[in-house]
Structure formats: structure tokens, C-alpha cells
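Visitor: The structure under discussion is supplied below as C-alpha cells; questions concerning it will follow.
The values are calculated or read from the model by the stated rules, or taken from the named source; none is laboratory data. Just so it is clear, the model here is predicted, and its values are computed rather than measured. With ideal geometry, Cβ positions are generated from the backbone for all residues, glycine too; neighbour counts draw on all protein chains shown.
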Amino acid sequence: MSEVSVNRPDVGKGSSWLTAAGVSALAVLAARHLIKRRDQPLVKLRDKVVLVTGGSRGLGLAIAREFGRQGARVALCARDDEELRKACEKLAAEGIEAVSFPADITDAANIEPLVSSVISRLGSLDVLVNNAGRISVGPFDSFTHADFEEAMNLMFWAPVNLTLAALPHMKGRSGHIINITSVGGRVSVPHLLPYSCAKFAFVGFSTGLSAEAHSKNIRVLTVVPGLMRTGSYLNAEFQGDAKHEFAWFGLLGNLPGLSVAAEYAAERIRESFESGHKMCTISLPAKILIACEALAPEATRTAFGLMTDYFLPSSSTKQTQRGKVLNPALNALFQGLTALGRRAAHQWNE
């Protein structure tokens with residue numbers, strides 16, 4: 001018995017048309033939203049209560065200064081009481097009132113009390129800036145499981161826990177979350193693996209939260225800075241061949257053209273916040289690196305592999321040293337090339 005052929009509709013072709021129509025509709029809605037947002041007034045910082053973690057030095061202090069200049073009421077959080085005191089004094093010298101809230105945010109038990117203390121003392125919590133971070137530099141073999149765990153606790157779980165604690169106090173009114181991630185959370189650079197792992201997770205959390213919190217009138221800004229001259233290279237931790245790790249990292253982090261001033265970064269963050277943006281990528285080198293990774297991942301990975309094989313130190317010693325300890329051992333040429341970084345360290349309490 002011969003088979004009878006049956007003409008069936010091309011289901012795949014129909015679903016493709018439906019998918020294309022859905023994508024087109026979303027694109028139109030997104031474009032209309034962006035046009036509408038462009039005509040909306042800027043978000044005002046005056047009288048808003050802004051909590052900045054890692055606010056006692058570096059970029060956190062620069063953000064506190066920038067926001068305070070716009071009339072925000074600034075709450076600074078860090079572990080060290082003395083650093084917080086110095087930061088508040090620096091801000092007070094410019095007429096900016098800041099209140100210190102010492103806390104170790106890697107301990108989940110401290111999160112709710114911190115949020116409650118800020119609200120109790122300042123009356124509300126309008127803007128949370130998740131900025132606290134720490135950089136460890138060295139080859140993969142020099143890191144232990146504890147290094148990865150510490151990085152995740154500080155730069156992923158701490159901001160996640162703080163966000164979860166802050167959101168209930170922001171619902172029903174306009175609330176803002178600013179997450180300071182890193183280009184290291186978009187492109188994994190050699191010898192920064194624990195840092196990049198934490199920042200990749202943080203980028204995923206921040207960008208995903210931005211979409212889901214939109215309907216609740218919570219704005220989430222994901223900040224992706226490249227290299228910045230904050231002086232933080234002196235407080236970074238170096239493993240393996242620590243002296244040479246410090247040398248390459250210190251040079252790249254402080255040369256003009258490759259890095260930007262902390263003041264510039266803080267201004268870009270403030271402008272993006274006021275304009276209601278969801279993403280803020282800071283510095284041209286960071287944008288180029290992200291584009292290279294997206295458009296030519298094989299070539300980018302190959303280049304990083306060659307850099308690791310031929311230019312970066314290879315020692316796997318697990319002893320950790322801070323940049324401040326290593327800096328005096330470097331020669332006059334290094335000191336001259338990193339002069340802007342040392343000046344930034346003095347300015348930003350590093």
C-alpha cells in the first residue's frame with residue numbers, strides 16, 4: 001500500500017514569524033521608553049539619604065563627595081573606625097556632612113542592623129551604593145579556596161544581602177541601587193581570578209535585578225569602571241612574585257590614557273544616576289576591551305594567554321603582601337610613572 005503524502009503547515013516558519021514579531025514589538029517598546037525617559041526631569045540628589053559601602057576611601061569616598069556636593073545626606077560604611085573618621089573630616093572640610101557607620105558587611109548578621117541604624121539616624125534610605133571591594137593580584141596557582149570565598153563574600157554576597165535588606169524600605173516609593181562592578185566582571189583578566197569571579201556574579205545580579213525591579217519603581221544602575229586612579233593599588237594584595245605583580249598592576253592602574261581620575265569616575269556615576277540610566281561603563285579602554293571580548297573572543301583569549309606566558313610573573317608563592325609594603329622597593333622610574341596614583345592615594349584616604 002502506497003503512502004499518502006499530507007501537506008502540513010510549516011510550523012517552524014510560523015513560529016519564526018511570531019518570534020520576529022515579538023522581538024520587534026519589544027524593540028519598539030524599549031525605544032519608546034528610552035525616548036520618554038530622555039524627556040523626564042533629572043533625578044535630584046538633594047536631601048536624599050545615600051549609603052555608600054567602602055565609603056572611607058578610594059572611589060567610595062569620591063562618590064560620597066560628588067553626591068554630597070549635590071545636597072545628598074551621606075552615610076559612610078566601612079570596617080575601620082579611624083578611616084571613617086578621616087573620611088568624614090575630609091568631607092566636612094568641603095562643607096559636606098557625612099555620618100559614619102562602621103560595620104563588616106561580609107558578616108550577614110551585621111546587614112540588618114546597619115540598614116536599621118541608617119534609617120533610624122537619618123530618617124530613610126533612598127540610595128544604596130554597593131561599592132566595597134578588594135583586589136588580589138597573582139597567578140591562579142597562588143590562590144587558595146579561601147581567596148575565592150573571601151572575594152565572593154565581600155563583592156557578591158555582601159551587596160546581595162544589603163540589597164535584600166534595603167529593598168523593603170524602598171518599595172512604595174522611588175528607590176535607587178547603584179552597584180559598582182568592574183570591567184573585570186565583563187572580561188576576565190589574567191592574575192585577577194578571584195576578583196573577576198566575584199565581579200562577574202555581581203554584574204549578573206545587578207543587570208538582572210534592574211529588569212525585575214523596574215515595575216516596583218526601584219532603579220538599578222550597574223556601573224562598570226575600568227582602571228581608575230584612586231590610590232587603591234597601594235592597598236591591593238599581591239601574591240606569587242609580589243614585587244613584579246605590584247609593578248605591572250601599579251603601572252597600568254595609574255598611567256593617563258589607560259586609567260581615569262577618581263573625580264571623573266564619580267561625576268560619570270552621578271550623571272548616569274541623575275539621568276536614570278541602567279548602565280554606566282567608565283573609560284574608553286574599558287569599552288574597547290569589552291567590545292573585543294564580545295566581537296573577537298578567540299583572539300582576546302589568545303592575546304591574554306600570550307600575555308600570561310611571556311609578560312606576567314609565574315611564581316605561585318601564596319604569601320600575601322600589600323602594595324604599601326612593596327612600593328618603597330620600586331625604582332625612581334616607577335615612582336615617577338605612578339606619581340598620579342600616590343597623589344590620588346593622599347586625596348582619597350588610601
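Visitor: Does G231 count as more than 12 Å from the chain's Cα centre (by Cα) and within 22 Å of G60 (Cα to Cα)?
Guide: Details: more than 12 Å from the chain's Cα centre (by Cα): yes; within 22 Å of G60 (Cα to Cα): yes.
Here the answer is yes, as G231 does meet what is asked.
Visitor: Would you confirm, using the coordinates I've provided, whether V99 is surrounded by fewer than 21 Cβ atoms within 10 Å (Cβ to Cβ) and in a strand (DSSP E or B)? Reasoning before the result, please.
Guide: Numbers: surrounded by fewer than 21 Cβ atoms within 10 Å (Cβ to Cβ): yes; in a strand (DSSP E or B): yes.
Answer is yes for this residue.
Visitor: Okay, moving on. Taking the stated definitions as given, is P159 over 23 Å from A265 (Cα atoms) and either at pLDDT 95 or above or crowded, with 22+ Cβ neighbours inside 10 Å (or both)?
Guide: Details: over 23 Å from A265 (Cα atoms): no; either at pLDDT 95 or above or crowded, with 22+ Cβ neighbours inside 10 Å (or both): yes.
No.
Visitor: Which one is surrounded by the most Cβ atoms within 10 Å (Cβ to Cβ) among residues in region 274-319 that are touching a strand residue (DSSP E or B) at 6+ places or on another chain (Cβ under 7 Å) and not in a helix (DSSP H, G or I)?
Guide: I282
Visitor: Related question: I'm trying to understand the selection: among the residues of region 170-188, which are of a type outside the set (D, E, K, R), at pLDDT below 95 and surrounded by fewer than 21 Cβ atoms within 10 Å (Cβ to Cβ)?
Guide: G172, S174
Visitor: Select, from R322, R343, the only residue that is farther than 30 Å from S206 by Cβ and within 23 Å of the chain's Cα centre (by Cα).
Guide: Numbers: R322 fails: farther than 30 Å from S206 by Cβ.
Unique residue meeting the criteria: R343.
Visitor: Sort out which residues of region 202-229 are in a strand (DSSP E or B) and in contact with a Ser or Thr (Cβ under 7 Å, 6 or more places away or on another chain), and write them in order of number. If you could, list the steps in order and put the result at the bottom.
Guide: Initial filter on region 202-229 (in a strand (DSSP E or B)): 218-225, 228-229.
Within region 202-229, V220, L221, T222, V223, V224, P225, M228, R229 meet the criteria.
Visitor: Of all residues in region 213-255 being modelled with pLDDT under 95 and not aliphatic (A, V, I, L, M), which is farthest from V52 (Cα to Cα)?
Guide: Within region 213-255, the match that is farthest from V52 (Cα to Cα) is S215.
Visitor: Could you list, in sequence order, the residues of region 189-203 that are under 12 Å from the mean Cα position of the chain (by Cα) and surrounded by fewer than 23 Cβ atoms within 10 Å (Cβ to Cβ)? Give the derivation first.
Guide: At the first step, the residues of region 189-203 found to be under 12 Å from the mean Cα position of the chain (by Cα) are 195-196, 198-203.
Those that are under 12 Å from the mean Cα position of the chain (by Cα) and surrounded by fewer than 23 Cβ atoms within 10 Å (Cβ to Cβ): S196, F200, A201, V203.
Visitor: Another question, if that's okay. Say we look at region 230-252 and pick out the residues that are outside any helix (DSSP H, G or I) and not small (G, A, S); which of these is surrounded by the most Cβ atoms within 10 Å (Cβ to Cβ)?
Guide: Filtering region 230-252 down to residues outside any helix (DSSP H, G or I) leaves 230-231, 235-241.
After this cut, where a residue has to be not small (G, A, S) as well, the list is 230, 235, 237-239, 241.
On the way: T230: 31, N235: 16, E237: 17, F238: 28, Q239: 23, D241: 18.
By that ranking, first place goes to T230.
Visitor: If the requirement is being touching an Asp or Glu at 6+ places or on another chain (Cβ under 8 Å) and either closer than 29 Å to R85 by Cα or in a strand (DSSP E or B) (or both), which of these qualifies: R134, R121? Break it down into steps so the answer makes sense when it comes.
Guide: Numbers: R121 fails: touching an Asp or Glu at 6+ places or on another chain (Cβ under 8 Å).
Going through R134, R121 in turn, just one is touching an Asp or Glu at 6+ places or on another chain (Cβ under 8 Å) and either closer than 29 Å to R85 by Cα or in a strand (DSSP E or B) (or both): R134.
Visitor: Can you tell me which residues in region 23-65 are at pLDDT 95 or above and over 14 Å from V127 (Cα atoms)?
Guide: Within region 23-65, G54, S56, R57, G58, L59, L61, A62, R65 qualify.
Visitor: I'm checking my understanding of the structure. Among residues of region 120-137 that are surrounded by fewer than 20 Cβ atoms within 10 Å (Cβ to Cβ) and not small (G, A, S), which one is farthest from the chain's Cα centre (by Cα)? Explain how you work it out, then say what you get.
Guide: From region 120-137, those surrounded by fewer than 20 Cβ atoms within 10 Å (Cβ to Cβ) are 120-124, 134; that's our starting set.
Subsequent filtering for residues that are not small (G, A, S) retains 121-122, 134.
Numbers: R121: 27, L122: 25, R134: 11 Å.
Among those that are surrounded by fewer than 20 Cβ atoms within 10 Å (Cβ to Cβ) and not small (G, A, S), it is R121.
Visitor: To continue, here is another question. Report the residue count in region 253-273 for those that are assigned to a helix (DSSP H, G or I) and closer than 17 Å to G58 by Cα. Walk me through how you get there before you give the answer.
Guide: Here is the first cut: in region 253-273, the residues assigned to a helix (DSSP H, G or I) are 262-273.
Next cut, closer than 17 Å to G58 by Cα only: 262-270.
Looking only at that region, the number is 9.
Visitor: Does L61 fit the bill of being more than 25 Å from A151 (Cβ to Cβ) and either surrounded by 13 or more Cβ atoms within 10 Å (Cβ to Cβ) or within 19 Å of the chain's Cα centre (by Cα) (or both)?
Guide: Numbers: more than 25 Å from A151 (Cβ to Cβ): no; either surrounded by 13 or more Cβ atoms within 10 Å (Cβ to Cβ) or within 19 Å of the chain's Cα centre (by Cα) (or both): yes.
No.
Visitor: Would you confirm whether any residue within region 78-90 is of a type outside the set (G, A, S), under 27 Å from P168 (Cβ atoms) and modelled with pLDDT under 95? First the steps, then the outcome.
Guide: Restricting attention to region 78-90, the residues satisfying the condition of being of a type outside the set (G, A, S) are 79-86, 88-90.
Remaining after also requiring under 27 Å from P168 (Cβ atoms): 79, 84.
Checking which are modelled with pLDDT under 95 leaves us with none.
Looking for residues that are of a type outside the set (G, A, S), under 27 Å from P168 (Cβ atoms) and modelled with pLDDT under 95, one finds none in region 78-90, hence no.
Visitor: On to the next question. Looking at (1) modelled with pLDDT of 95 or more; (2) over 19 Å from V129 (Cβ atoms); (3) surrounded by fewer than 20 Cβ atoms within 10 Å (Cβ to Cβ), which one does G208 not meet, given that it meets all the others?
Guide: (2)
Visitor: Identify all residues within region 170-192 that are in a helix (DSSP H, G or I) and either of a type in the set (S, T, N, Q) or touching an Asp or Glu at 6+ places or on another chain (Cβ under 9 Å) (or both); write none if there are none.
Guide: Keep residues of region 170-192 that are in a helix (DSSP H, G or I), which gives 170, 183-185.
M170, the sole residue that qualifies.
Visitor: While we're looking at this one, here's another question. Anything in region 320-350 that is over 25 Å from E83 (Cβ atoms) and either in a loop (DSSP other than H, G, I, E, B) or charged (D, E, K, R) (or both)? List them, or say none.
Guide: N331
Visitor: Is it the case that E112 is over 21 Å from the mean Cα position of the chain (by Cα) and over 28 Å from N217 (Cα atoms)? Steps first, answer last, please.
Guide: Values: over 21 Å from the mean Cα position of the chain (by Cα): yes; over 28 Å from N217 (Cα atoms): no.
It is false that E112 is over 21 Å from the mean Cα position of the chain (by Cα) and over 28 Å from N217 (Cα atoms).
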